[in-house]
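Visitor: A single structure is presented below for examination.
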Amino acid sequence: MKAASLDSSAWIEIAHHGANAAAFLRVLTDPASIIVSTIALYEVWKYSSVHGDENRANQLFEFMQQCIVVPPESHLAIQAARLSIRHKLAMADSLIYATALAHNAILWTQDDDFKTLPHVRHFPKARSV
């Protein structure tokens, strides 16, 4: 199986039992094949702490740390800047995407900013009623 990387929206969907959580959980069978950007760690912990509870944030954070955690090194920063310019991505998104690409991973996401990009598996967010 090719490596997978989940962006912040996918991790948050899992943590909060959203409509697409099951789709994202399918790729979490082997933490050794999951690439996690430290940017995603930051975004997920912050969001879960503010919008959920800190215990849930800590549990998810612990699981994410069992995966391959990749810091934002200089070569990723340059690649992320290029991707940001080319695809009009925000800094955090471009760093998460660059991390996935550098590790030959498919990026799993709900974020519409990624939906037309290569090496991305996009799931539209469920609409709230």
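The values are calculated or read from the model by the stated rules, or taken from the named source; none is laboratory data. Note that the coordinates shown come from a computational prediction; the quantities given were computed from them, not determined experimentally. Positions of Cβ are generated from backbone atoms using ideal geometry, with glycine treated the same way; all protein chains shown enter the neighbour counts.
Visitor: Restricting segment 93-129 to residues that are at pLDDT 95 or above and among the polar types (S, T, N, Q), which is nearest to the chain's Cα centre (by Cα)?
Guide: Among them, the one singled out is T109.
Visitor: Given the condition surrounded by fewer than 15 Cβ atoms within 10 Å (Cβ to Cβ), among the polar types (S, T, N, Q) and over 15 Å from the mean Cα position of the chain (by Cα), answer yes or no: does some residue in segment 72-83 qualify?
Guide: yes
Visitor: Something else about it: Restricting segment 37-52 to residues that are without any contact (Cβ under 8 Å) to a residue 60 or more places away in the chain and buried (at least 22 other Cβ atoms within 10 Å of the Cβ), which is farthest from the chain's Cα centre (by Cα)?
Guide: Narrowing segment 37-52 to residues without any contact (Cβ under 8 Å) to a residue 60 or more places away in the chain: 38, 40-52.
Those still in the list that are buried (at least 22 other Cβ atoms within 10 Å of the Cβ) too: 40, 44, 48.
Values: A40: 5, V44: 9, S48: 14 Å.
Within segment 37-52, the match that is farthest from the chain's Cα centre (by Cα) is S48.
Visitor: So which residues in segment 23-33 are of a type outside the set (V, I, T) and within 15 Å of the chain's Cα centre (by Cα), if there are any at all?
Guide: Going residue by residue through segment 23-33, those that are of a type outside the set (V, I, T) are 23-26, 28, 30-33.
Across segment 23-33, the qualifying residues are A23, F24, L25, R26, L28, P31, S33.
Visitor: Moving to a separate point now. Can we say S5 is small (G, A, S), closer than 22 Å to P118 by Cα and at pLDDT 95 or above?
Guide: On the way: small (G, A, S): yes; closer than 22 Å to P118 by Cα: yes; at pLDDT 95 or above: yes.
When the stated conditions are applied, S5 passes them.
Visitor: Here's a follow-up. Looking only at segment 81-112, how many residues end up being under 17 Å from L6 (Cβ atoms), outside any loop (DSSP other than H, G, I, E, B) and either in contact (Cβ under 8 Å) with a residue 40 or more places away in the chain or touching a Phe, Trp or Tyr at 6+ places or on another chain (Cβ under 9 Å) (or both)?
Guide: Here the count works out to 11.
Visitor: Within segment 52-80, how many residues turn out to be of a type in the set (D, E, K, R) and either in contact with a strand residue (DSSP E or B) (Cβ under 7 Å, 6 or more places away or on another chain) or in a helix (DSSP H, G or I) (or both)? Spell out how you get there, then give the answer.
Guide: Quick first cut of segment 52-80, residues of a type in the set (D, E, K, R) only: 53-54, 56, 62, 73.
Keeping just the survivors that are either in contact with a strand residue (DSSP E or B) (Cβ under 7 Å, 6 or more places away or on another chain) or in a helix (DSSP H, G or I) (or both) gives 54, 56, 62.
Counting residues in segment 52-80 that are of a type in the set (D, E, K, R) and either in contact with a strand residue (DSSP E or B) (Cβ under 7 Å, 6 or more places away or on another chain) or in a helix (DSSP H, G or I) (or both) gives 3.
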